[in-house]
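**Q** Here it is, the structure, as structure tokens.
Each reported figure results from applying straightforward, stated rules to the coordinates on display, with no laboratory input. Keep in mind that this is a model prediction, so the values were computed, not measured.
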Amino acid sequence: MIRNLATSGAALALGAGALVLASAPAFAGTNGQQIRFYDQRGDVYSVFLYGTNQEGHTVAGCFNTPKTDNYIGGYWWKDDLSITWYPQSGCNGTAIEPSPETFTIPLSQSSDWYTIYDF
């Protein structure tokens with residue numbers, strides 16, 4: 001299920017499995033970034049992302065991260081992005097500390113992908 005949180009008013013009441021789609025695609029690397037999540041620790045099997053999309057709307061989603069190197073494409077993020085790490089797929093289980101963490105995603109860069117590492 002995918003929807004825009006700005007219109008639902010349910011930003012704080014999101015269930016762990018809820019998904020929200022970043023609206024229309026941005027131009028590559030110029031109005032937000034797609035996320036590449038690199039699991040250095042090897043214990044993160046899903047992530048919950050909460051932040052701002054290329055249109056300035058608050059959006060969120062749960063994404064499974066079954067590999068060490070995970071590309072979360074089709075979603076364009078900018079500014080502050082909150083990430084909560086989970087030990088099971090579907091954003092299930094107790095969040096892994098430190099969680100959530102906030103990363104500042106640049107509006108533009110030379111690549112389409114902004115890499116985030118768990119430490």
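**Q** Return the sequence-ordered ³J(HN,Hα) values of region 84-99 in whole Hz as given by the Karplus equation 6.51 cos²θ - 1.76 cosθ + 1.60 applied to θ = phi - 60°, using x for Gly and Pro.
**A** Karplus values, whole Hz, x for Gly and Pro: 10, 8, 10, x, 9, 5, x, 6, 9, x, 6, 4, 7, 7, x, 8.
**Q** Would you kindly derive the ³J(HN,Hα) couplings of region 52-58 from the backbone phi angles with the Karplus curve 6.51 cos²θ - 1.76 cosθ + 1.60 (θ = phi - 60°), listing them in order in whole Hz, with x for Gly and Pro?
**A** Rounded to whole hertz, the list is 10, 8, 5, 9, x, 8, 6.
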